[in-house]
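Report on the following structure.
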Amino acid sequence: MSRWYLGLDTSNYRTSAALFDAQTGQWHNCGRLLDVPDGAIGLRQSDALFQHTLHLHEMIAGLPVGIASQIRAVCVSTRPRAVEGSYMPCFLAGENVARSVAHLLGVPLYVCSHQQGHLAAAALSAHVLDWLLHRAFYAWHLSGGTTELLRVEPGKDGCPQANCIGGTTDLAAGQLVDRAGARLGLHFPAGAELEQLAKQSQSTEFFCPKVKDCKFSLSGMENKINDLCAAQTEPQAVASFTIRTIAAAIEQATKQAMEKEKLPVLCAGGVMSNQYLQMRMARVFDARFAEPVLSGDNAVGAAVLAAVQQGEQLV
C-alpha cells in the first residue's frame, strides 16, 4: 500500500507542492517560477509573498487526485536555513496552508528549512538517501541566494544537520549568474540561457578567486564581468568566463575541505544543474547531483523529510 507524504515550499523563486510515496519512491512535483519583470533580477519579499498566496492552491490542485486519504504527514519549509535568525516572509504562505491541510487531514505537521529540502531532494534524485540518514558528507548548495559548502550529518529530529564550512563571503553564485545574464540581456533567472550561451564559446578563460579556509569572494568577479562587457567581449565568452570562474572557486574550496576530512560530495541547488559544473565536480570528487528537475527549488525534498521525520525506513 502506498504511503504518501505532502511537501510544500514557497521560496523567493518558486511556488511548489509535492507528493512522495515512501513505499515506492515515486514523487510528483507541481511548481511555478515567480513572475519577475523583464530586466529585474529578483523580487521584493512582499511581491513574492503575494504571488505565493495567489498561486499555491493551483500547485496543490496540480497534484494527483484521490490521494488525500493516504497522506500520512505534511512537511513545509519555514525558513531559508536551519540556523538562528534565518527568516523570509515568503515562507509564511506555505506554512499557513500546510498547517491548515495537516489539521483537516488529522496528520502530523513537520517543518524543515528550504536548504534541508534541497539536500533531501538531491539525495533522493542521486539515489543516496542512505547518506541523508546514516553518514556524514559534504554538500554544495548553490542557488540564487546561497553558495555554501556544508558538512552534513543526520539530525536527531530526522532532518539533516548542515553546518556551513565554506562558500562565498558575499555574492552568491546564482546572483553572479543572474547579474551576468542581465548584462547580456537574458531573462531572469538566467542560469539555463547562460549555460547554452557558454556552450557556444571556444574560450577557456576564467579567474579563480582567492580561496582561504574554503571561503571566497565573488563580488570582484562581477566587476570583471562588467569590464568584459564594457570591452565588447562576445556574449558567449562572457558566459563561459562566468561559469568557469564559479567552477574554479568551488573546486578549490572542496579540495581544501578534503585536506581536513575526506567525505563524499553531494551537490544541490539550481546553479548545480549546470553541466560544466557537474562535469568538473564529478571528475575531481566523484560528486553526486540531483537531476535538473530536482536541482532547482521544489517541494519534493520537504515531502521526503515528512517521511523521514515520520520514521519511514527509506532505501
If you go through the stretch 230-244 one residue at a time, do you hit one that is of a type in the set (Lys, Arg) and without any contact (Cβ under 8 Å) to a residue 12 or more places away in the chain? no
Restricting to the stretch 279-310, count the residues that are within 22 Å of Thr78 (Cβ to Cβ), at pLDDT 95 or above, small (Gly, Ala, Ser) and not in a helix (DSSP H, G or I). 1
The correct count of residues that are surrounded by fewer than 19 Cβ atoms within 10 Å (Cβ to Cβ) and in contact (Cβ under 8 Å) with a residue 40 or more places away in the chain in the stretch 201-211 is 4
Which residues, taken from the stretch 91-119, are open to solvent by less than 30 Å² (accessible area, probe 1.4 Å) and closer than 23 Å to Ala139 by Cβ? Phe91, Gly94, Cys112, Ser113, His114, Gln115, Gln116, Gly117, His118, Leu119
Among the residues of the stretch 256-269, count how many are surrounded by 15 or more Cβ atoms within 10 Å (Cβ to Cβ) and either touching a Pro at 6+ places or on another chain (Cβ under 7 Å) or part of a loop (DSSP other than H, G, I, E, B) (or both). 3
Look at Ala287 and say whether it is buried (at least 20 other Cβ atoms within 10 Å of the Cβ) and touching a residue at least 12 places away in the same chain (Cβ under 8 Å). yes
Pairs, first small (Gly, Ala, Ser) in the stretch 142-163, second open to solvent by less than 50 Å² (accessible area, probe 1.4 Å) and part of a strand (DSSP E or B), C-beta under 6 Å, six or more apart: Ala162/Leu150; Ala162/Val152
Within the stretch 186-198, the residues that are open to solvent by 60 Å² or more (accessible area, probe 1.4 Å), assigned to a helix (DSSP H, G or I) and either closer than 17 Å to Ser143 by Cβ or touching a residue at least 12 places away in the same chain (Cβ under 8 Å) (or both) are Ala192, Glu193
Go through the stretch 15-34 and give me each residue that's among the polar types (S, T, N, Q) and either in a strand (DSSP E or B) or buried (at least 24 other Cβ atoms within 10 Å of the Cβ) (or both). Thr15, Ser16, Asn29
Residue list for the stretch 134-151, restricted to those being crowded, with 16+ Cβ neighbours inside 10 Å and over 29 Å from Glu222 (Cβ atoms): Phe137
Of the residues in the stretch 208-221, those that are at pLDDT below 95 and part of a loop (DSSP other than H, G, I, E, B) come to Cys208, Pro209
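For (1) in a strand (DSSP E or B); (2) closer than 25 Å to Ala172 by Cβ; (3) open to solvent by 50 Å² or more (accessible area, probe 1.4 Å), each residue gets a yes or a no:
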residue: Asn12; (1), (2), (3): no, yes, no
residue: Ala48; (1), (2), (3): no, yes, no
residue: Leu63; (1), (2), (3): no, no, no
residue: Arg72; (1), (2), (3): yes, no, yes
residue: Pro89; (1), (2), (3): no, yes, no
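The values are calculated or read from the model by the stated rules, or taken from the named source; none is laboratory data. Predicted model, so just to flag it, every value in this text is computed and none were measured. Note that we place each Cβ from the backbone using ideal geometry, even for glycine, and neighbour counts take in every protein chain shown. Accessible surface areas use protein heavy atoms only, side chains included; no ligands, DNA or RNA. Shrake-Rupley method; radii C 1.70, N 1.55, O 1.52, S 1.80 Å.
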